[in-house]
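Take this structure first; my questions come after.
Here, each number is a calculation from the coordinates, and none is a lab measurement. Note that this is a predicted model, so its numbers are computed, not measured. Counting neighbours? That spans all protein chains shown, and the Cβs are built from the backbone with ideal geometry, glycine included.
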Amino acid sequence: MSNIDKFIESVLRKLPADFENRDRIAADLREHYEVMISDGVASEQAITRLGDPSDLVRELVSGYTPTSASVLERYAAFMVDAIIYLPIVLLVQCPSSLWCNLTSRHISLAFLPFYLFFLIRLIPEIVWGSSLGKFLFGLRVQGLNGSRVKIYQVIVRNVSWYYWIMWIIDGSGLLFTKGKKRLSDFVAGTVVVKDKSRKTPYWMQALGWIIALIQTYLLMLGIRFISDFIL
Amino acid sequence: MTLDIWYSDGGCLETELKRGVLNVVILKLLQGHQRYGYEIVSHLDSIGGGHLSIKDGTLYPILYRLESKGLISHHWEAPERGVPRKYYAITESGAAELSRQIDIWNEFSETVSGILNDGEAMS
């Protein structure tokens, strides 16, 4: 990889995931470098002249505000993540909390989905900024200033998944908040954005939508089953 | 002791002034001349006596802001020999804005110079 490729990659990697004009920034920096080289400037000196990538990024993101990804895509991504979680919530957590006094046996069963969810959602979000569902839809969690999400932020924004009533309250934020964010995203200082730093293949998104639709259908069946069972 | 502590981001007076005037200086450089990025930075180096020098990369955020406001435009030119270059030119609204900014600067600098250089003004 050439010096200018490394420089450009360093700049693009530091930009917020949803930052626009990546191709333009790369093309402009490359043109500037090549003009310097054609003018007789040595490669190392040309890179030095371009400056510190962090300073450049700071200038580029001045005045930047993140744009939340669409609610529909975030819902679909959640449905993909919930492929294991949701059936257990519907079959175990909801009924046990609605028609039983929670015993220690019920409690361990009721909180089982949370432990599973921790594995399939939190760990990938901490490591890569995207859970499996978000990865399929090209979404990413980041700080409000575009920074990489921190461990405590991932935990705070996902703590409501601990119990089904909590995540219904948490999700209500999507309906009335500016930026269509969950309430826990406000507390954590995070936002889910469309990741423009990578191209998401169409087949991946199609696969995500198929899983999400099947999950939605199963969710509706589950809710009907529970309501019939209780009533 | 310097006055750097007056500026919240740790910058100094020269940095703050440079940040404030670069937009208008770049517009002025493009008035009547279309220039490519490296040429603009080289001019800033040579005409400003070092006061207006910037790292080459940081020119582009300024150009993007000027372009997003419709004050400058760009086009590519591929010479017969050499690498293709992206030329920037001032627009009509850019020229009008430049004229307005020059008036503001003249009035502002005259006022501040009057205060700073005239001891009577403060008494």
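Compare the peptides A:179-188, A:129-138, A:56-65 by average per-residue count of other Cβ atoms within 10 angstrom and give them in order, highest first.
A:129-138, A:179-188, A:56-65
Moving on to the next point. What are the residues whose amide H is under 5 Å from the amide H of residue A:69, where those residues sit 5 or more places off or on another chain and H is modelled from the backbone?
Sorted by chain and number, the residues that satisfy this are A:192, A:193, A:194.
Taking K and R as +1 and D and E as -1, what net charge do the other residues with C-beta under 14 Å from the C-beta of residue A:40 add up to?
-2
Could you work out how far the C-alpha centroid of segment A:166-231 sits from that of segment B:14-30, in angstrom?
Each part's Cα centre sits 47 Å from the other's.
Separate question: Mind listing the phi-derived Karplus ³J(HN,Hα) values for segment A:202-211, rounded to whole Hz, using 6.51, -1.76 and 1.60 with θ = phi - 60°, and x for any glycine or proline?
Working through the residues one at a time gives 4, 5, 5, 5, 4, 4, x, 5, 4, 4 Hz.
May I pose another question? Within the set of other residues whose C-beta is less than 14 Å from the C-beta of residue B:108, count the net charge using Lys and Arg as +1 and Asp and Glu as -1.
Every neighbour counted, the sum reads -3.
Let me ask something else. Averaged over its residues, how many other protein chain Cβ atoms are within 10 Å of peptide B:50-60's Cβ atoms?
6
Shifting gears a bit: Taking the Kirkwood radius as the inverse of the mean 1/r across Cα pairs, report the Rg/Rh of chain B.
Radius of gyration relative to Kirkwood radius: 1.06.
Here's something else I'd like to know. Per residue of A:54-66, how many C-beta atoms from partner chains lie within 10 Å of its own C-beta, taken as a mean?
Whole-number average of other-chain Cβ neighbours for A:54-66 is 3.
Right, something else. When only C-alpha pairs under 8 Å and at least 6 residues apart count, what is the relative contact order of chain B, in percent?
Rounded, it is 23 percent for chain B.
How shielded is A:33-39 by partner chains, expressed as the average number of their Cβ atoms within 10 Å of its Cβ atoms?
5
Still on this model: Can you give the local net charge around residue A:126? Use residues other than it whose beta-carbon is closer than 12 angstrom to its beta-carbon, Lys and Arg +1, Asp and Glu -1.
Net charge in that neighbourhood comes out at +3.
First measure r as the distance between the Cβ atoms of residue A:42 and residue A:62, then evaluate 1/(1 + (r/R0)^6) with R0 = 45 Å and state the FRET efficiency to the nearest 0.05.
Working from the Cβ atoms, E equals 0.90.
Let me ask you something else. Tell me which of A:147, A:183, A:215 sits at the most positive position along the dipole axis of segment A:115-231, charges placed on C-beta atoms (Lys, Arg +1; Asp, Glu -1).
A:147
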